[in-house]
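Data block below; observations after.
The values are calculated or read from the model by the stated rules, or taken from the named source; none is laboratory data. Since the model is a prediction, treat every value here as computed from it, not as a measurement. FYI the Cβ positions are ideal-geometry reconstructions off the backbone, even for glycines, and counts take in every protein chain you see. In case anyone asks, the SASA skips ligands and DNA or RNA and just uses the protein heavy atoms, side chains included. Shrake-Rupley method; radii C 1.70, N 1.55, O 1.52, S 1.80 Å.
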Amino acid sequence: MIRLFRRGSPHKGAASPPEPVAPTRPRNESFEIEDPGERLEGQPLLLEERASGQHRNTTAQCAHAGHRSGCNPQDSMFLGSLPETHQTGLLNDDGLQELARRLKESQCAGYAESMPGSSSGYTTELRYTKFMIGGIPGVKHAVFIPDNLKLTHSVLEQVCEALDKEMPSMLLCGMSSLCHPAKMSTPQLRKCRGFRQLMNDSKSTLGIPSAAVDDGSWFCKNPGSEDSTELQVNDPELTHKPLIDVANRVLEKKVGCTIRSIASAAYWTNVWTYTGPRITNFEVFLQQCLENNETDVFKMAVGHCQDRAYMEADMSRNLMRYLFDNSHSMSPEVVSAMTPVNLQGDLWHPGKNTQHPDFAEHGFDYWSFESYDETSHGHPLTQWPWPHADLLLLFYREEQGIDGRPTSDADWDFMTKTRYDQDVIPFTPDLLAPVGYVFIGGKEALMKKKLLQAMRAGSPMVILENTPNVPKQVSLLVQAVQCVWQRNALDACRPFLDDATLARLGRDTSSTELLESLLPSKILAHVEKEFDSSGMEETEKLTLSDVVGMMDLVRRRPQVFKERVCVIDPLRTSPDQTAAQLTTVFNCSSQLSGTRELHCTAVHRSLVTKSWRLHRRLAERAKQLRGLVAMLTASIGIVMVVATTLAVCSVAIRLKEKEVHYRNVDYNISAPVKNDIVEFSFSIHEVSLLLRFSLLALPISVGLMTTLQ
């Protein structure tokens, strides 16, 4: 029982109400002025300064602009602190608008200047924001760069340092079309020898006869057509829809598994993926891996904020502008202290973005276009940079001031001349790291030219066999050339040698002699026999001159070709074999950069770094667990001592009750609390019940803590 009394009149007195206190206003309180032209009577205008240095710069700017506009520094400070809606009512002169713009720039820069220990070594022209997109996992980083700024390797190192990321050993770029993964295969690909086992199994499952019949829909011209790769008019690979669907689904899953292995190998070798303004199948497959949480590879995308493809859509333009408005001067302190900005994911939601009919009906499960043509306009894949990238380097055109000089604001009236204009992006990925390529088949324009150029440059490249068109042809060519490094090289190269050369060469022939003896015409005939190129554009087909040029390249640099060109068959190569091959290919980036030590490759350095990071995390976790165990041990000891003490007290109280029969005696304790007196009344019986409950709860808590320990 608890009773409350007032001191001085403990039983009857009533407390008088406290005297009213006049309301006070904080010293730094500022008022919101409805009319900037007049001040409210009795309410002084109080202005706050961000920093003394910023105040001096602002005053100097006002004094300089005052000669033209007739304003003084005091008035300019007042204008800079007003909301933007009030500024428009006052700024009717160009000089005042320029003054307000400069004040706004200084206030934006004040965010970085006010950070403790702000680093002044970072270029102030780079702007940074951290953001998240609704419905897309992960925190992302956006760096805004003026498109007239020449990026150097040192600037990119500063960006990586601010993000606490190690410079990549290589950038991996996808080369493919925008064809949906669920319809990648072509009739010619389904007819080739690489698909034969898959197609035969699918035919037997679906009950499709593989031999010629008289009245069936599928027949062959001659008995030898089963071994031929030439496509016939009524072949099931061309006309049977269930069979085509099975082939597409299997190929999609196999290629997705291969891309997952590529991403895993890239993660462990400190390789980043690089995406330009145009997205390819490589990013689509990576997106599937990310949605299933199957890879942690770091992804970088590059684009222009005012690209015509982004500016023509209201959703994408508003997202880009909102992201830019929330950016600040980049520094490590700003990166670590900034709270992610939340962007709405309506652009990637089929229920809210209905501009493209395929996306409104199927979402990302299906689309009919295969390239960036008129049929792809309105699809979210073509309206914004790749949203799953971890780092976005976004270039922008600066707004021109009244004096003709560029400002730090973006000119949102500017728009690039063409969609996905690469010429306005002053960035080449090899500034950051060597570039490797992943070639996936599709109807991509100039695929053969890009592949041959990468091979001539000695770039690391991964070619996915049994994908349509150019990669299929080139993979057959590469495999034919790589026969010279097999164990029984002479037997493997026999189809590509003439009879006189076979009679002259012996079993101990070196790989160099075999390379010199290979006939380009027989290699091209082998490629045409293994894959029907009737569905390809004439400019994309391999010609004899292409084979001769590639053979000359291999003869000059055989080791580069052997180590940096990797052919992977998604239908047959296991993930472990894929990882082993890609480790060698990605390791070549350290030799390309020329900045690593001779005996310390990028792979070894990255693995050692990651191992030490893991060791550090485990050591920190062990330290935390040791502290927790020590705390639990001390808590168990204290609880046991308290339980023992309470047990002794309980026995003493029970003996006291038996001696003097104090069960019904009440005890009163009074304690003063400010102006009141609190009185507690209890009996020995109530204390005994409390002790019994404690003696039951304390051992249980000891058992729980012991279990946790």
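A few remarks follow.
- Cross-link table K140/K253; K450/K472; K203/K241, entries beyond 19 Å C-alpha to C-alpha: K140/K253
- Cα-based Rg of segment 264-348 normalised by 2.2 N^0.38 Å, two decimals: 1.29
- Coarse-grained scattering of segment 309-358 at q = 0.13 Å⁻¹, given as base-10 log I(q)/I(0) from a Debye sum over alpha-carbon atoms: -0.43
- Overall form of segment 237-379 per C-alpha gyration tensor (a/c, 1.5; a/b vs b/c): oblate
- Summary value for segment 404-561: 20 percent relative contact order, contacts being C-alpha pairs under 8 angstrom separated by 6+ residues.
- When the trypsin sites (Lys or Arg not before Pro) in segment 309-398 are filtered for DSSP coil states and for at most 15 other beta-carbon atoms within 10 Å of their beta-carbon, the remaining sites are K352.
- Rolling a 1.4 Å probe over the protein heavy atoms gives segment 381-478 an accessible area of 35 Å² per residue.
- Cross-link pairs exceeding 27 Å in C-alpha to C-alpha distance, out of K522/K562; K254/K443; K150/K610, comprise K150/K610.
- For segment 275-320, the spread of Cα positions along the three principal axes, ordered from largest to smallest, is 34, 18, 17 Å.
- Taking 0.36 nm per residue of sequence separation and removing the Cα-Cα distance, the T239/K610 pair yields an extension gain of 128.4 nm.
- Carbon + sulfur, % of accessible area of segment 311-421 - ligands and nucleic acids excluded, 1.4 Å: 45
- Ratio of Rg to Rh over segment 347-456 (Cα coordinates, Kirkwood Rh, two decimals): 1.03
- Model label zone, D498; criterion: amide N under 14 Å from point 7 Å along Cα-to-beta-carbon; scope segment 506-529: 517-523
- Think of each Lys and Arg Cβ as +1 and each Asp and Glu Cβ as -1; about the Cα centre, that makes the dipole of segment 323-473 roughly 800 debye.
- Estimated FRET transfer efficiency (D296, S694; beta-carbon r; R0 51 Å; 0.05): 0.50
- Heavy-atom accessible surface of segment 454-584: percent carbon and sulfur, 1.4 Å: 47
- Per-peptide average of other Cβ atoms within 10 Å, ordering 415-423, 643-651 highest first: 415-423, 643-651
- Residue ranges 468-481, 252-265, 695-708 sort as 468-481, 252-265, 695-708 when ordered by packing (mean number of other C-beta atoms within 10 Å per residue, highest first).
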